[in-house]
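Okay, so here's the structure we're looking at.
The values are calculated or read from the model by the stated rules, or taken from the named source; none is laboratory data. Just so we're clear, the structure is a prediction, and the values are computed from it rather than from any experiment. Here the Cβ positions follow ideal geometry from the backbone for every residue, glycine too, while neighbour counts run over all protein chains shown. Keep in mind that these areas ignore ligands, DNA and RNA; they rest on the heavy atoms of the full protein, side chains included. Shrake-Rupley method; radii C 1.70, N 1.55, O 1.52, S 1.80 Å.
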Amino acid sequence: NVIVTAATFPLPEASTSYALSVQTDQSTADAVKASDHLCYYSNAITPSTDGISLGLNHIMSKISVKLTLGTEYKASETNPITSVSAFGASTGATYSPGTETPWSEQSNVKKITLIPSVAYDKNNRTATYEAILVPQTIAANTFGIEIRIGEQTYEWKSADAFTLTGGTNHTLEMTVGNASSANIN
């Protein structure tokens, strides 16, 4: 058996740890793709003359924010949401595949702009936004979502520690308006 590491990011020959980061502006599909790192690690591959087949895994975390506009926002033909962003998360980390704790986050915390991922539904006043984030556990009252609708800014902050797990899509469902609420799924 041999050790095999394959990835969508450069693998330096002399290292088993890799500095990875996500884009802070993920408002385009290309920026999301540039942030979505894939990797395969195994120490039990048996070489064959027929070759080997590797299934790469998403190692970053994804967040989806499903927004429902409150009743004060009437049904509109176009999406009135002007921006959605996540804050309080580190945008970089060191990744060490094959170790018990593969992620070591860095302190470069910046706001991350999300991309609309599901078209605005005017009848239900809903829209979904997403971004790729570094796997990490963020302290209570630190991680949050900011939503701008015209000149109005709404902010939700997690009262509990918030864990972003690699290879997982975390969904937040929020109602945005004067009586805003959020649910974590």
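Surface exposure of the stretch 1-123, expressed per residue as accessible area with a 1.4 Å probe, stands at 57 Å².
I'd like to know how the chain sits against the 2.2 N^0.38 Å rule of thumb: what's its Cα Rg over that expected value?
Details: Rg = 19.0 Å, N = 185, 2.2 N^0.38 = 16.0 Å.
This ratio for the chain stands at 1.19.
Residue-wise HN-Hα couplings along the stretch 158-174, as the Karplus relation 6.51 cos²θ - 1.76 cosθ + 1.60 with θ = phi - 60° gives them from phi, are 5, 6, 10, 4, 10, 9, 9, 9, x, x, 10, 9, 9, 10, 10, 10, 9 Hz; Gly and Pro carry x.
About its Cα centre, how strong a charge dipole does the chain have in debye, to the nearest 20, once Lys and Arg get +1 and Asp and Glu get -1 at the Cβ? Don't skip to the answer; put the middle values down first.
Values: 10 positive and 16 negative charges, 58 e Å.
Computed about the Cα centre, the dipole is about 280 debye.
Each of residue 4 and residue 141 was given a label point 7 Å from its Cα along the Cα-to-Cβ line. The distance between the two points is 4.9 nm.
Leaving ligands, DNA and RNA out of it, report the carbon-plus-sulfur percent of the accessible area of the chain at a 1.4 Å probe. Intermediate values should be presented prior to the final figure.
Working: 4650 of 9930 Å².
Within the chain, the accessible surface is 47 percent carbon and sulfur.
The residue among 16, 58, 139 whose Cα reaches farthest toward the positive pole of the charge dipole of the chain, with charges on the beta-carbon of Lys, Arg, Asp and Glu, is 139.
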